[in-house]
Amino acid sequence: MYAVFDETLVTGNEMIDAQHKELIGKIADLEEACETHRDKATAVKLLNYLADYTDFHFAAEEKLQEEIAYPGLEEHRAKHEEFKHAVEDLHEMLEEEEGPTDAFVKALNETVTDWLFRHIKGFDRSVAEYKNMRQNSENL
């Protein structure tokens, strides 16, 4: 089964949720390409796009956190760096192999998909809740 954005991943922030949908869609594309094509060039291309989009998305999240003075910004930024390193490790793994192996797909699921879902449900949701609390307190 491929990665799917569902209601459990909604943070309540439209911009972040839309970016998460895009990111998860690209992960699903990579999972599908690994399973059906086993083509190294396609996997590298999709992993490159995933890395680039991740950089864009994390920069947007961190900018939002700066704007709302989110107290957990540095910890959140460190988590983003963990994810970037995991994607770099996948690049290295893919370069060492003839194509996306079963071990690569397993690593993709564990270090990207599972990590991202836990991150969204925990860290990203807490940022959205903090933003909503700040907005609501200003409106009182």
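Some observations on this one:
- When the stretch 57-115 is reduced to its Cα atoms, the Kirkwood hydrodynamic radius in Å: 12.9
- Structural size metrics of the stretch 11-139, computed from C-alpha coordinates, are Rg and Dmax of 16.1, 58 Å.
- Cross-link pairs exceeding 18 Å in C-alpha to C-alpha distance, out of Lys26/Lys131; Lys40/Lys79; Lys40/Lys106, comprise Lys26/Lys131; Lys40/Lys79.
- Alpha-carbon centroids, the stretch 49-69 and the stretch 1-42: separation in whole Å: 17
- Computed from phi, the 3J(HN,Hα) profile of the stretch 70-80 under the Karplus parametrisation 6.51, -1.76, 1.60 (θ = phi - 60°) reads 5, x, x, 4, 5, 5, 5, 4, 5, 5, 4 Hz, with x in place of Gly and Pro.
- Burial ordering of Phe5, Phe56, fewest other beta-carbon atoms within 10 Å first: Phe56, Phe5
- Helix-only arithmetic for the chain: the sum of -39500 (n - 2.57) across DSSP H runs with n ≥ 4, divided by the residue total, places the mean residue ellipticity at 222 nm at -24500 deg cm²/dmol.
- For the stretch 86-140, the Kirkwood estimate of hydrodynamic radius, built from reciprocal distances between every pair of different alpha carbons, is 13.5 Å.
We did not get these values from a lab; they are worked out from the coordinates using the rules stated. The shown structure was predicted, so the numbers you read here are calculated from the model rather than taken from an experiment. Counting neighbours? That spans all protein chains shown, and the Cβs are built from the backbone with ideal geometry, glycine included.
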